[in-house]
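Reviewing the structure listed below.
The values are calculated or read from the model by the stated rules, or taken from the named source; none is laboratory data. The shown structure was predicted, so the numbers you read here are calculated from the model rather than taken from an experiment. Here Cβ is always computed from backbone atoms with ideal geometry, including for glycine, and neighbour counts include all displayed protein chains. We work out accessible area using only protein heavy atoms, side chains counted, and drop any ligands, DNA or RNA first. Shrake-Rupley method; radii C 1.70, N 1.55, O 1.52, S 1.80 Å.
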Amino acid sequence: MKRREFVRTAGGATAVAAAGAGAAGTAAAQEQQPVWPSGVTSGNLGSYRDARGESEVTVQVGAGDSGLAFDPTMLWVDTGTTITFEWTGNGGDHNVQTVEGGGPASLDSGDPVGEEGYTYEYEVTEEDAGITHYHCVPHTAVGMHGGLAVGGDIETESTGGGNTGWPENIAHVGVPLHAHWVGIAAILGIALTFVFTFYLLKYGESAHTGHGGAQ
């Protein structure tokens, strides 16, 4: 293959890789989530899980480094799902209770409890359809809030990727980390292609011409 043909081929392949990386990042960035109330989105941790299609889901009570969060903080389920709120034993005494006027689901675990392994089960019904904002009463002022979306008739919006198990300070960067790495690799590939092209055009062709003239 001639040098110029090689340059054109390498450049085209790199451009395709970059376009693919951009498309992957855009698709990932356009995940649909329910439109949560501001009190929910400002809750500690901020993790999200779409658990539709699952019959049982567990929410940790007392999650995060300080034990003052629900995990997942935002949860989307179908009617008929059984949600088990399980205490971690961290962050002091907690409870689960729907914020006054916070939505259709009547979450109420009773008095605050600090015992690790304590559980409160709630079976979601059709009456719970919609979005419910709940909190831990003793820690509502420090951001221990959560959200529960039920059913398919939920208003959604495009947001970044949800929590994938990474630490909370990097889990919500908007685009999953793998898309970033692909994008970086594509950019590096483009840069190397330009450098290689410049070298060939400036030195390779001139050296070839000079060699031909010497003959």
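Take the conditions more than 25 Å from the chain's Cα centre (by Cα) and free of Cβ contacts under 8 Å to residues at least 12 places away in the same chain and apply them to Gly114. Does it pass?
Numbers: more than 25 Å from the chain's Cα centre (by Cα): yes; free of Cβ contacts under 8 Å to residues at least 12 places away in the same chain: no.
So Gly114 fails the test.
Filter region 13-48 for residues that are touching an Asp or Glu at 6+ places or on another chain (Cβ under 9 Å), open to solvent by 30 Å² or more (accessible area, probe 1.4 Å) and modelled with pLDDT of 80 or more; which is nearest to Val150 (Cα to Cα)?
Applying the filter and picking the extreme gives Val35.
Any idea which residue in region 117-151 is least open to solvent (accessible area, probe 1.4 Å), counting only those that are out of contact with any strand residue (DSSP E or B) (no Cβ under 6 Å at 6 or more places or on another chain) and free of Cβ contacts under 8 Å to residues at least 60 places away in the same chain?
Gly130
Failed condition for Ala179, given (1) over 17 Å from Ser42 (Cα atoms); (2) open to solvent by 60 Å² or more (accessible area, probe 1.4 Å); (3) at pLDDT below 95; (4) not in a loop (DSSP other than H, G, I, E, B), with all others met?
Among (1) over 17 Å from Ser42 (Cα atoms); (2) open to solvent by 60 Å² or more (accessible area, probe 1.4 Å); (3) at pLDDT below 95; (4) not in a loop (DSSP other than H, G, I, E, B), the lone unmet condition for Ala179 is (2).
I need the full set of residues from region 117-139 which are touching a helix residue (DSSP H, G or I) at 6+ places or on another chain (Cβ under 9 Å) and under 12 Å from Thr82 (Cα atoms), in order please.
Result: Tyr122, single match.
Give the residues of region 73-107 that are open to solvent by less than 10 Å² (accessible area, probe 1.4 Å) and outside any strand (DSSP E or B), sorted by residue number.
Correct list: Thr73, Thr81, Asn95, Val96, Ala105, Leu107.
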